[in-house]
Amino acid sequence: YFKEVFVAQASIDEIKMEIMEMSKGTGEGLMTIFYRNGKPYRQEIPADYINKRTEFLQKIVECPHIKAVGLDNILEKDLEEKEKILGRSYIYSIQNCLEKKCALFSDDSLFRGLIYNEYKIESFSIQNFLMQALERKLINEGEYFSKIIELTKLNYFYLSISAKMLFYCAEKISFQ
């Protein structure tokens, strides 16, 4: 759908770090302990969830349709300060969009609002992208719903589900 898809090398590096961290639990799963409001909690993450997520992230890293890009210029001063707050991958994405004059794909709506308000960078989410493909008849409604279902199976968090889609899902499994 796009002539080129740029991904900041810093983002690819973050994904690779996540894969490396998650790969520690691909055999038996992971258990993490964290504190919230001074109280300890334990979270168990099953191995099958870790394997699915790792496979998903690996497909992103190995995707032949993306081009990992670095910055053309040194990081701008105002972005250097923001890097401490937002992190390297976010800041490099901003500067890459400014340098290449391109839109940003991100499912982080707060980040999309920030970059539009501060830098006038246009952006879109995966669901926006799929909706545009549907409106332009590049995919049909069933394909759109199937893509959303696939994303939910991957524990994708940023989706909006309509009543029509819920009915489609229920119908697809014979209301079971």
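Could you name the aspartates and glutamates in cross-link range of LYS16, using Cα to Cα under 18 Å and dropping any fewer than eight places away on the same chain?
GLU55, GLU62
Counting DSSP beta bridges in segment 21-132, what percent are antiparallel, to the nearest 5?
Values: 7 of 9 bridges.
Percentage antiparallel, nearest 5: 80.
Before anything else, pin down the relative contact order of segment 69-135: Cα pairs under 8 Å, at least 6 apart, normalised by residue count, whole percent. It would help to have the intermediate numbers written out before the result.
On the way: 55 pairs, mean separation 17.0, N = 67.
Taking the mean separation of contacting Cα pairs over the length of segment 69-135, I get 25 percent.
Relative contact order (percent) for the chain, with alpha-carbon contacts under 8 angstrom and 6 or more residues of separation? Write down the numbers at each step before the final one.
On the way: 157 pairs, mean separation 31.4, N = 176.
Value for the chain: 18 percent.
Provide the per residue accessible area, probe 1.4 Å, for segment 92-171, rounded to a whole number of square angstrom. Write out the running numbers ahead of the final one.
On the way: 4890 Å² over 80 residues.
In whole numbers, segment 92-171 has 61 Å² accessible per residue.
How about segment 22-76: which GluC sites (Glu not before Pro) there lie in a loop by DSSP and see at most 12 other Cβ atoms within 10 Å? Before the final figure, lay out the partial values.
Working: sites: GLU28, GLU44, GLU55, GLU62, GLU76; in loops: GLU28, GLU76.
Answer by residue number: GLU28.
Name the chymotrypsin sites (Phe, Trp or Tyr not before Pro) in segment 1-92 that are in a loop by DSSP and that have at most 16 other C-beta atoms within 10 Å, would you?
Working: sites: TYR1, PHE2, PHE6, PHE34, TYR35, TYR41, TYR49, PHE56, TYR90, TYR92; in loops: TYR1, PHE2.
In loop regions of segment 1-92 (DSSP not H, G, I, E or B), the sparsely surrounded chymotrypsin sites (Phe, Trp or Tyr not before Pro) are TYR1, PHE2.
For segment 1-118, which whole percent of the accessible surface, found with a 1.4 angstrom probe, sits on carbon and sulfur atoms?
Values: 4450 of 8400 Å².
Heavy-atom surface of segment 1-118 belonging to carbon and sulfur, 1.4 Å probe: 53 percent.
For the chain, what does -39500 (n - 2.57) per DSSP helix run (n ≥ 4), summed and divided by total residues, give at 222 nm, in deg cm²/dmol to the nearest 500? Let's see the in-between values first.
On the way: 8 runs with 97 residues, N = 176.
That calculation yields -17000 deg cm²/dmol at 222 nm.
With +1 assigned to the C-beta of every Lys and Arg and -1 to the C-beta of every Asp and Glu, and no other charges, what is the dipole magnitude of the chain about the Cα centre in debye, to the nearest 20?
Values: 24 positive and 26 negative charges, 66 e Å.
Rounded to the nearest 20 debye, it is 320 debye.
Which trypsin sites (Lys or Arg not before Pro) in segment 68-144 sit in a loop by DSSP (not H, G, I, E or B) and have at most 14 other Cβ atoms within 10 Å of their own Cβ? Walk me through the numbers on the way to the answer.
On the way: sites: LYS77, LYS82, LYS84, ARG88, LYS100, LYS101, ARG112, LYS120, ARG136, LYS137; in loops: LYS101, LYS120, ARG136, LYS137.
Loop-located and lightly packed - LYS101, LYS120, ARG136, LYS137.
Looking only at MET31, MET165, MET17, which one moves most when the chain is put into a Gaussian network model with springs between Cα atoms under 10 Å?
Judging by the Gaussian network model, the answer is MET31.
Taking 25 Å as R0, compute the FRET efficiency from the Cβ-Cβ separation of GLU4 and MET31 and round it to 0.05.
Details: r = 42 Å, r/R0 = 1.66.
With a Förster radius of 25 Å, E is 0.05.
Given a cut-off of 30 Å, name the pairs among LYS3/LYS24; LYS101/LYS172; LYS24/LYS59 whose C-alpha atoms lie farther apart than that in the structure shown.
Numbers: LYS3/LYS24 37 Å; LYS101/LYS172 42 Å; LYS24/LYS59 18 Å.
Flagged as over cut-off: LYS3/LYS24; LYS101/LYS172.
The values are calculated or read from the model by the stated rules, or taken from the named source; none is laboratory data. These figures come from a predicted structure and were not determined experimentally. Cβ sites come from the backbone with ideal geometry, for glycine too, and all protein chains shown count toward neighbours. These accessible areas exclude ligands, DNA and RNA; they are computed on the full protein's heavy atoms, side chains included. Shrake-Rupley method; radii C 1.70, N 1.55, O 1.52, S 1.80 Å.
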